[in-house]
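Everything on this sheet refers to the single structure shown next.
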Amino acid sequence: MDIPLTLTPWSPDDLPLLHHSNSPAMTAHTGGPEDEEKLTARQQRYVALSHRDPTEGRMFRISLTETGEAVGSVGYWPREWQGRPVYETGYGILPEFQGRGLAVAALVAVAKAAQEAGGPRELHAYPSVDNPASNAVLRKAGFRLLGVVEFEYPPGHLLTSNDWCLDLEAQTT
């Protein structure tokens, strides 16, 4: 099923979406809502990603193609993982739009963007083992479960996570 969504590089105008995503429901598995200072810093990082070389990552607003309505965010960025460079991805769909396949479609689209950018050839995601919905989304998007790992997120907090990996070299364009 082809879900008509659009990924647009994050902009200063997307701060309201970031605020809307900072709810207890959206952050239950990632340490809870952030204070205004942390949200402002996150917004600045997301906007900065939009103005760099794409090999350094991208953050996107996810919108419904038909209406232009913002429904969430998705991105990728480089990191060192187990001694090698990889891309990491993160995503979130607003609660009122969940259950429609948008997260899967957004992950497929962001994997294509990461593949086209060049750089690391693996895309990883690290959802909590206690987040069945997020783990199911990754499986449906074609990621392969590598195992359980301890992952630091947010900084200073160890989270028991699943390490999901998508081989970008094996993806078709």
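Quick one: in segment 150-167, of everything that is more than 17 Å from Ala105 (Cβ to Cβ) and at pLDDT 95 or above, which residue is surrounded by the fewest Cβ atoms within 10 Å (Cβ to Cβ)? Restricting to residues being more than 17 Å from Ala105 (Cβ to Cβ) and at pLDDT 95 or above, the top hit is Asp167. In the set Ala105, Ala70, Ala25, only one residue is within 22 Å of Arg139 (Cα to Cα), touching a strand residue (DSSP E or B) at 6+ places or on another chain (Cβ under 7 Å) and among the small types (Gly, Ala, Ser); that residue is Ala105. Looking only at residues in segment 98-125 that are out of contact with any Ser or Thr (no Cβ under 9 Å at 6 or more places or on another chain) and part of a loop (DSSP other than H, G, I, E, B), the one that is surrounded by the fewest Cβ atoms within 10 Å (Cβ to Cβ) is Gly99.
In segment 3-19, the count of residues that are surrounded by fewer than 15 Cβ atoms within 10 Å (Cβ to Cβ) and at pLDDT below 85 is zero. Of the residues making up segment 126-133, one or more are assigned to a strand (DSSP E or B), closer than 18 Å to Tyr153 by Cα and in contact (Cβ under 8 Å) with a residue 60 or more places away in the chain. Of everything listed in (1) modelled with pLDDT of 90 or more; (2) among the polar types (S, T, N, Q); (3) out of contact with any helix residue (DSSP H, G or I) (no Cβ under 9 Å at 6 or more places or on another chain), the single unmet condition for Ser50 is (1). Residue count for segment 85-115, restricted to those that are modelled with pLDDT under 95 and farther than 14 Å from Ser21 by Cβ: 3. Can you tell me which residue is surrounded by the fewest Cβ atoms within 10 Å (Cβ to Cβ) among those in segment 134-149 that are part of a loop (DSSP other than H, G, I, E, B) and of a type outside the set (A, V, I, L, M)? Within segment 134-149, the match that is surrounded by the fewest Cβ atoms within 10 Å (Cβ to Cβ) is Gly142. Taking segment 99-121 as the range and being more than 14 Å from the chain's Cα centre (by Cα) and in contact (Cβ under 8 Å) with a residue 12 or more places away in the chain as the test, the residues that pass are Arg100, Gly101, Gln115, Glu116, Ala117, Gly118, Gly119, Pro120, Arg121.
The values are calculated or read from the model by the stated rules, or taken from the named source; none is laboratory data. A quick note: this is a predicted structure, and the numbers were derived from the prediction, not measured. All Cβ positions, even for glycine, are placed from backbone atoms using ideal geometry, and neighbour counts span all protein chains on display.
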